[in-house]
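Coordinate-derived values only; no laboratory data. All values derive from a computational prediction rather than experimental measurement. Ideal geometry is used to build each Cβ from the backbone, glycine not excepted, and the neighbour counts take in all protein chains shown.
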Amino acid sequence: MYSEKESATLELKQQETKSFPKTVCAFANYCDGRIIFGVKKDGTISGIHDPEKFRLQIENVINDTIDPRPDFQLRTDDFEGKYLVELSVDKGLNTPYTYNGAAYKRSDTSSVPVDANELRRLSLEGVNITYDQLPSTEVNLSFEKLKRLLKEKIGIKHFSEDTLRTLGLLQKGNFTRAAQLLADENQVNQSITTIIRFGGNASIFLERVDIVGKSLLTQYDEALKMFSKWYKPYEKIVGFERIQREQIPQEAFREGVANALVHRRYDINAAIQIAMYEDRIEITSPGGLPPGITKTSYIFGQVSILRNLVIAEVFYRLGLIEKFGTGIFRIRESYAAYHQIPQFDLSDDYIRVILPVVDYDAVKEEKDISTLILMALSKHGLLSRSQLEEFTGYQRSWLSEILKRMVNEGILEVVGRGPQTRYQIK
């Protein structure tokens, strides 16, 4: 029985099929992956009778049907006395890779065609151009807000065409799409941020603001104004002291909005949505994670793949973001002193950052945390402390202490050491 299960990066096939080139395309377009021939879907080993002939067939199919030719390797393995053929495909640089004129991506354990927007994005990636570097059709753009901020933040005294060229907003005499999005006003349908403050439930609208066709810098400022209006810090007397408390860390909100504006997909006709509730804020940006970023590296790492290179550079120069993948880390760190932690809802279509309102009176019951730990481990198996932090919603100091106690009591056991430490139910 083959131990590995099918996943987004592994496919099992009993024999050669007409569909396997689609999976090869998907791996070449998005991520390294493998196809193991000679294994049924349930893991039963069927084997390949003549592996040398089979490898030649696979190689000929790839060379004849996939354009451009992807990088791949074939090898034969002897497994339980039967031959398996492993096809390893490397993520390519010359996207899109197509089979019969169509490009493919992985959706869980299947390979499905990409839509027109995704095909366009793959084409840009293949020539190493980000969407915001493309030329714009607009010719009359003004940059008064950008000019003012550049003077305030970094002391630029003279704003000219040379400034625009340096920032990547002007190329060969034409404005780029980044210039459109950073101009005071534009005609970009996707340049929208919608902010709604809800009442006790999602059917009660207390206030709604739609920022349409305005600079991303204006959208950023308007979001901060709305935040300041509805989530002002307050004072509470504790003992003999008057202590100021914040409802939601402003740093977390600033980072969440900046990341949404900089890293969203602007080739999708959708708005950034900021939903403000009594107990949380949800910031949703169109487009999932960039290729090459996993959910774990997004939440816990400091890896940054810039989807909009020019916009990111301008926000960085203005001190609104860090370029080196620290935004999500800073959001998490801003909650370090509190019981609640931010949550991250990631899909192929959107990224949602959920910032809870701080409950200063919350008391962590140890038995409740232990129950959540056991539920998470029962469902997911081996988990790291960071993953348990995400699943349970509790911070490091609480979890570390309780995990240690549960290990000492023989409820859990530790697997691995150092950064590879994982926990499982004993």
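What the table shows:
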{"read-out": "Computed over region 192-356, the ratio Rg/Rh where both radii use C-alpha atoms and Rh is Kirkwood", "value": "0.97"}
{"read-out": "Inter-label distance, nm, simple model (7 Å from Cα along the C-beta direction), Ile129/Gln190", "value": "1.5 nm"}
{"read-out": "Sorted by Cβ neighbour density within 10 Å, fewest at the top, the residues His339, His158", "value": "His158, His339"}
{"read-out": "Simple Cβ-charge dipole of region 10-126, Lys/Arg +1 and Asp/Glu -1, about Cα centre, in debye nearest 20", "value": "260 debye"}
{"read-out": "FRET E, pair Ser3, Glu138, Förster distance 51 Å, beta-carbon r, rounded to 0.05", "value": "0.35"}
{"read-out": "Positive-end residue, the chain charge dipole about Cα centroid, Cβ charges, pick of Ile311, Thr163, Met375", "value": "Thr163"}
{"read-out": "Between region 156-207 and region 1-59, the alpha-carbon center distance in angstrom", "value": "46 Å"}
{"read-out": "Highest-MSF residue in the chain out of Ile321, Ile331, Ile369 [GNM, Cα springs under 10 Å]", "value": "Ile369"}
{"read-out": "Spin-label model distance (nm) - Asn100 vs Lys295, 7 Å beyond Cα toward Cβ", "value": "3.2 nm"}
{"read-out": "Amide H partners (placed H, <5 Å) of Ile281, local residues excluded", "value": "Leu355, Val357"}
{"read-out": "Eligible lysines near Lys145 by straight Cα distance, threshold 23 Å, same-chain separation 8 or greater", "value": "Lys153, Lys157, Lys214, Lys225, Lys229, Lys323"}
{"read-out": "Largest-first principal axis extents of the Cα set of region 22-169 (Å)", "value": "75, 30, 23"}
{"read-out": "Leu412 long-range amide H proximity, modeled H, under 5 Å", "value": "Val407, Lys426"}
{"read-out": "Charge dipole (debye, nearest 20) of the chain; +1 at Cβ of Lys and Arg, -1 at Cβ of Asp and Glu", "value": "680 debye"}
{"read-out": "Val212 paired with Lys229, simple spin-label distance in nm, labels 7 Å along Cα-to-beta-carbon", "value": "1.8 nm"}
{"read-out": "Residue-span extension gain [Ser46 to Ser88] - 0.36 nm each, minus C-alpha spacing", "value": "13.2 nm"}
{"read-out": "Ranked list, fewest to most other Cβ atoms within 10 Å of each Cβ, for Tyr266, Tyr234, Tyr220", "value": "Tyr234, Tyr220, Tyr266"}
{"read-out": "Sites Thr166 and Thr326 - FRET efficiency at Förster radius 35 Å, r taken between beta-carbons, to 0.05", "value": "0.90"}
{"read-out": "The chain: C-alpha pair distances exceeding 31 Å, %", "value": "54 percent"}
{"read-out": "Modelled FRET efficiency - R0 22 Å, Asp67 with Arg120, Cβ distances, 0.05 increments", "value": "0.80"}
{"read-out": "Positive-end extreme of charge dipole, the chain - chosen from Leu146, Ala271, Gly43 (charges on Cβ)", "value": "Leu146"}
{"read-out": "Estimated dipole of region 366-425 in Debye, rounded to 20 [Cβ of Lys and Arg +1, of Asp and Glu -1, Cα centre]", "value": "160 debye"}
{"read-out": "Order of Lys426, Lys13 - criterion: other Cβ atoms within 10 Å of each residue's Cβ, fewest first", "value": "Lys426, Lys13"}
